[in-house]
Number of protein chains: 4
Amino acid sequence: MIVIMKPQATQDEVTQIVDELKGMGLSVQTNTGVECTVLGVLGNTVDADTSALELHPSVDRVMRVSEPFKKANRKFHPDDTVVKIGNTAIGGRKLSLIAGPCSVESEEQIIDIAERVKASGATFLRGGAFKPRTSPYAFQGMQFEGLELLQEAKRKTGLPIVSELMSPKHVEFFEYAVDVIQVGARNMQNFDLLKELGRSKKPILLKRGLASTIEEWLMSAEYIMAGGNENVILCERGIRTFEQYTRNTLDLSAIPAIKKMSHLPIVVDPSHATGMHWMVLPMAMAAIAAGADGLMIEVHNDPKNAKCDGPQSITPDAFCDLVNKLRQTAEVVGREV
Amino acid sequence: MIVIMKPQATQDEVTQIVDELKGMGLSVQTNTGVECTVLGVLGNTVDADTSALELHPSVDRVMRVSEPFKKANRKFHPDDTVVKIGNTAIGGRKLSLIAGPCSVESEEQIIDIAERVKASGATFLRGGAFKPRTSPYAFQGMQFEGLELLQEAKRKTGLPIVSELMSPKHVEFFEYAVDVIQVGARNMQNFDLLKELGRSKKPILLKRGLASTIEEWLMSAEYIMAGGNENVILCERGIRTFEQYTRNTLDLSAIPAIKKMSHLPIVVDPSHATGMHWMVLPMAMAAIAAGADGLMIEVHNDPKNAKCDGPQSITPDAFCDLVNKLRQTAEVVGREV
Amino acid sequence: MIVIMKPQATQDEVTQIVDELKGMGLSVQTNTGVECTVLGVLGNTVDADTSALELHPSVDRVMRVSEPFKKANRKFHPDDTVVKIGNTAIGGRKLSLIAGPCSVESEEQIIDIAERVKASGATFLRGGAFKPRTSPYAFQGMQFEGLELLQEAKRKTGLPIVSELMSPKHVEFFEYAVDVIQVGARNMQNFDLLKELGRSKKPILLKRGLASTIEEWLMSAEYIMAGGNENVILCERGIRTFEQYTRNTLDLSAIPAIKKMSHLPIVVDPSHATGMHWMVLPMAMAAIAAGADGLMIEVHNDPKNAKCDGPQSITPDAFCDLVNKLRQTAEVVGREV
Amino acid sequence: MIVIMKPQATQDEVTQIVDELKGMGLSVQTNTGVECTVLGVLGNTVDADTSALELHPSVDRVMRVSEPFKKANRKFHPDDTVVKIGNTAIGGRKLSLIAGPCSVESEEQIIDIAERVKASGATFLRGGAFKPRTSPYAFQGMQFEGLELLQEAKRKTGLPIVSELMSPKHVEFFEYAVDVIQVGARNMQNFDLLKELGRSKKPILLKRGLASTIEEWLMSAEYIMAGGNENVILCERGIRTFEQYTRNTLDLSAIPAIKKMSHLPIVVDPSHATGMHWMVLPMAMAAIAAGADGLMIEVHNDPKNAKCDGPQSITPDAFCDLVNKLRQTAEVVGREV
């Protein structure tokens, strides 16, 4: 951390700030210049609450130098994390393809979709049981019954299950019923939920919040990891911008950014990002070309009659076509499907 | 709702869509034009999930006409809602002034602040006990002990308490301990929490999410109201934009917008919106001039040593000065402090 | 400026960077710490192009300390600038009220409006002659004829004229025909135009760009001032955000921000910011309460038939009512209408 | 266009609106429903200014159905436009690779870069001569001398030249000196400049504005095309969002969106979008995988000493490596380098 004193700060004022910083257990290097004094602050500034320093009339500005996340930071963990899930994994050379409907709607639906995406190369089955809906009057998901149908589909196909958790009180049941617990974009800073998940051992797929910076996203991963659960997978799903043509704006530059800043794997959800089924293929291709570790794609056997998000769902046939096209793109970037 | 068919849609295709809409219990007016057919759809389109209609190759576009919220809608409830809290209220001619520290830090601190803001004209005491912090390493609040200190301050001053709830499992204790339950910006779409609060009778202060549209904000109010709790107070606290000079961008046009669309009261938090103590006064004045029903302001007796958000806190003396300046502004808009 | 070296930077690498900075005419203080070396750089870093320093593999980060604007900076010009225009001025105790139609449409229209806004207390007449329209097929303004009609209205009412310039080739004619040259939001970073206006002596009303930070806005003012024209008035007119209910999001916190950073006067345009006539009054009140030096308001004698921006125009009667309400608000903040 | 009357609108009020629309030369279908009357409006609503209709107290809402652009619209021009430039073209099966420095700095520099990018497969040479800089104190480019050096580089390598025009008064010289005239992001809505370029025959590379929607971008293309110049190439270069890690947020979903809405070719500039040289390769790969017709990439032979934008420039060697990696990606999407 760097503290820049005002040009008119007196020697006493500088001493006061230095003493305050030392009182927080930090070490300080004083750098007396012609125009102003600059303090270089070393030690565990991540834990110290130093923002109030700017209230001193003698302080001009406080600038942070180091990132506020530790466990998620590549600097302290240079190798890529590979999250193991049963016989498969997210984060290695092989791309993870998570496919399935927005909502589980019936046994026939989920099993039909599961079998078809499995045949095309999917490595995980996604399906919403508890659904976060903007309107209280919209379909809220099949809930526990939905999770049981997902388990049935897993028994039939062997595909591990990814499903979204909305309430801390369901953590225990999700740990029993699913393979990867998804935290939705709207809950990315539901710190109460993140703390609960830090006590779990289940892999967590953490979606980026609608208006969350990359750093805030990593801080939410840090919440889970600081609690003891280091099995975190990040999922870029578009951010909110002024552009309204697409549902959100898919930020693919988050992929190289995350790869540089963190060791955690990152997958991309082009379905929620764009909101339009015909954009899923080009954006999926782009995500893999940019270095993503996998994709999360909404697939429905009857999009017109889907209970939610029909417009952004692709059919099992379109998914099969997409996987075939991805195969070559994956090779170009040294990955495989 | 309006459904615009594609120019090349056949009569059979139009009939198919009309039948589908009727099957959802909606009534349809067919309007056959020279260039295309337009369907006017009447009935409860709020509950129907009609987005998937756009997947029909014969449909060009679906446009919503009516707002998706009902209980929060001024159309169905023309009079302003006044939320009663003990002997006071939020929403009437008298402005509500909610003041206090970001975090409760000690008995001396909270009682000193409570007494001083009370003396200056505050009508509610705010104080954080459970704190939503971006970093897991930052101070997380005094939690239950903090709530007890707030109750102690209430016994001393008579000021009703506003405090933020983060976990559905604490609802019962908050109902016992506080007068108004605050839902923070990061939990505005924590639907699980909103549903729990719909079952409560306590007034809820619902902060606008960082990247939430006015309509989404009203939909979150609708979640609480649909559950049976109509005591909702909205709180504008700034939205996230590209501008980084201020912590957030305070959207004061949300005040007239909410007043037109809804009957719910709205207060403004200039402290979190700007992040800088010297901006609180001008933005508080502007909020009242624009028609807000009250303010929520961070006041700390020692901002430099505050455990959180020191830079945006004003002192009790500055709060006293602010209330005096507000008095005249309130009169101009037909309100009183 | 602060340059933070990487922890592993060698002494030779540090020396190399120091030499490079000295070669730019800057002086450098070396601060050798336990973890890393920090260089404090003094001198005219505003003119030096130092961003490329980050390309050195030994450099971790470069952080700017001082603002990049000089002539617009309050630090070097502590007193408020008051821009004189004929017998009136923008920036003093008296608020400036700039009123008139989006477009000049006819002699009757502009003279009728001019007389009525003058009677209500307007101090300037605005009127568009050259119109920046998103569509090439929309009405582009009466152009030179429009400017002549504005001059006619000025002869009748004495109101000085504010009108938007779109082309550098019209600068000379605008200098002749108007009292204040407006630069529209879309031209805020049309640097070619700004340079031309720097060579003029006419007061310039510089609107904030749709997605411009406060600093970029001041840098555009700096372009005009660096050219020799220090008569710059800033105009906040809303920024583009994700919220679509209003046309733009009016950023009133820009008022105290500009007042702190700069000595230039600032007026607010609530008409373009909100896009809705019924929001003009509350947002005008809020702007004055927040400390603005004046307002720019669209007034039309027949909004329903206005050739552009009818929905955001208020009538002359509504303007009269607005001025009366402002009078009291102005007093509260120590200003007068 | 659809006009929705208020539920309480009388028959007379409906007739009044219908007459007004007919007076604009439009035809109207009246659709009398149980709850409200809906008017379907046909004819050239693109040219008509109908926004003021919403001011009628009897009108609830006006909704546009058709896109406001015609010449840029794929509906009226189903085949892809291929812009011919000398012996090459932008928009066909072969990808266009536009490479070169941010600024022309010297003869040696531009010729060295031109020869090396040519050898690696570049098809155009870019180089800034007139530079749009946020600060008036920053290097403004070599101007006319820079254009002459670009011509010299063209003579040596045969590469056609792309360079940015900032002033309408330079149009004639640019028509003489360059092969493609670039309009920068900050001038995307400099309508005066767009009109001048509409009178030219030179191909125009139109960058997307920092905060411009895809529709506004196409409307700016429409300005040029409506003037008679249909040789427009679009260039996505990132939009401004809340995320500050990257310089801008590259919106790759604009590629399929433009391909659906328009017939114009689109290239992507990953250098300005990200602002960081190490992000150029993954984002270039992603752009081609998403269907872009080409790339615009900043290449400098000495990024550390570049006069502008060094941090986002790649070296000629890195460009060579990038082209090789693109070759395979291009094949996957049926294109070639």
Could you name every one of the helices (runs of 4 or more DSSP H) located completely within the range D:184-269 that has at least 3 residues being of a type in the set (Asp, Glu)?
D:214-226
Here the qualifying pairs (Cβ atoms under 7 Å; residues six or more apart or on different chains; first in the range B:3-28 and assigned by TED's automatic domain parsing to the domain that holds B:Thr50 and among the aliphatic types (A, V, I, L, M); second surrounded by fewer than 18 Cβ atoms within 10 Å (Cβ to Cβ) and assigned to a helix (DSSP H, G or I)) come out as B:Val28/B:Lys22
Could we say that C:Phe173 is closer than 24 Å to D:Lys195 by Cα, in a loop (DSSP other than H, G, I, E, B), among the aromatic types (Phe, Trp, Tyr) and touching a residue at least 12 places away in the same chain (Cβ under 8 Å) here?
no
How many residues does the range C:123-145 contain that are in contact with a Lys or Arg (Cβ under 9 Å, 6 or more places away or on another chain) and over 29 Å from D:Ser212 (Cα atoms)?
2
Quick test of your reading of the structure: D:Glu236 fulfils all but one of (1) free of Cβ contacts under 8 Å to residues at least 12 places away in the same chain; (2) more than 14 Å from chain C (Cβ to nearest Cβ); (3) among the charged types (D, E, K, R); (4) within 21 Å of D:Leu210 (Cβ to Cβ). Name the failing condition by number.
(1)
For A:Pro57: the one exception among (1) modelled with pLDDT of 85 or more; (2) over 37 Å from the mean Cα position of the chain (by Cα)
(1)
I'd like to know if the range C:271-283 contains one or more residues that are surrounded by fewer than 24 Cβ atoms within 10 Å (Cβ to Cβ), in a loop (DSSP other than H, G, I, E, B) and either within 7 Å of chain B (Cβ to nearest Cβ) or β-branched (Val, Ile, Thr) (or both).
no
Being of a type outside the set (Gly, Ala, Ser) and surrounded by 14 or more Cβ atoms within 10 Å (Cβ to Cβ) is the filter here; which residues of the range A:83-92 pass it?
A:Val83, A:Ile85, A:Thr88, A:Ile90
Take the residues in the range D:161-173 that are touching a helix residue (DSSP H, G or I) at 6+ places or on another chain (Cβ under 8 Å) and surrounded by fewer than 24 Cβ atoms within 10 Å (Cβ to Cβ); name whichever of them is nearest to the other protein chains (Cβ to nearest Cβ).
D:Ser167
Residue check: is B:Ser200 surrounded by fewer than 22 Cβ atoms within 10 Å (Cβ to Cβ), closer than 24 Å to A:Gln143 by Cα and either touching a strand residue (DSSP E or B) at 6+ places or on another chain (Cβ under 9 Å) or among the polar types (S, T, N, Q) (or both)?
yes
Scanning the range D:96-130 residue by residue, the ones that are closer than 15 Å to D:Pro160 by Cβ and free of Cβ contacts under 8 Å to residues at least 24 places away in the same chain total 0
If you check C:Gln182 against the conditions, is it under 25 Å from C:Arg247 (Cα atoms), away from chain D (no Cβ under 11 Å), out of contact with any Lys or Arg (no Cβ under 6 Å at 6 or more places or on another chain) and polar (S, T, N, Q)?
yes
Here's a check for you: in the range C:214-224, which residue that is facing chain D (nearest Cβ under 9 Å) and either surrounded by fewer than 24 Cβ atoms within 10 Å (Cβ to Cβ) or not hydrophobic (A, V, I, L, M, F, W, C) (or both) is nearest to the chain's Cα centre (by Cα)?
C:Ser220
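Here's the yes/no breakdown for (1) more than 21 Å from D:Arg240 (Cα to Cα); (2) buried (at least 23 other Cβ atoms within 10 Å of the Cβ); (3) among the hydrophobic types (A, V, I, L, M, F, W, C):
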site: C:Ala226; (1), (2), (3): yes, no, yes
site: C:Phe242; (1), (2), (3): no, yes, yes
site: C:Lys260; (1), (2), (3): yes, no, no
site: C:Ala289; (1), (2), (3): yes, yes, yes
site: C:Lys307; (1), (2), (3): yes, no, no
Condition check for C:Arg133: over 25 Å from D:Arg186 (Cα atoms), touching a residue at least 12 places away in the same chain (Cβ under 8 Å) and surrounded by fewer than 21 Cβ atoms within 10 Å (Cβ to Cβ)
no
Say we look at the range A:58-70 and pick out the residues that are part of a loop (DSSP other than H, G, I, E, B) and among the hydrophobic types (A, V, I, L, M, F, W, C); which of these is surrounded by the most Cβ atoms within 10 Å (Cβ to Cβ)?
A:Phe69
Any idea which of (1) farther than 15 Å from A:Ala72 by Cα; (2) without any contact (Cβ under 8 Å) to a residue 40 or more places away in the chain is the one A:Asn229 doesn't satisfy?
(1)
Pick out the one residue from B:Glu243, B:Glu230 that is more than 12 Å from the chain's Cα centre (by Cα), closer than 15 Å to B:Ala273 by Cβ and among the charged types (D, E, K, R).
B:Glu243
Just to be sure, is B:Leu264 hydrophobic (A, V, I, L, M, F, W, C), under 23 Å from B:Val82 (Cβ atoms) and crowded, with 23+ Cβ neighbours inside 10 Å?
yes
Could you tell me whether any residue of the range B:318-329 is among the β-branched types (Val, Ile, Thr), under 19 Å from B:Leu95 (Cβ atoms) and either assigned to a strand (DSSP E or B) or within 14 Å of chain A (Cβ to nearest Cβ) (or both)?
no
Only one of (1) within 24 Å of C:Phe242 (Cα to Cα); (2) surrounded by fewer than 22 Cβ atoms within 10 Å (Cβ to Cβ); (3) of a type in the set (Asp, Glu) fails for D:Glu230. Which number is that?
(1)
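The values are calculated or read from the model by the stated rules, or taken from the named source; none is laboratory data. All figures in this text were calculated on a predicted structure; none of them were measured in a lab. Backbone-built Cβ (ideal geometry, glycine too); neighbour counts: all protein chains shown.
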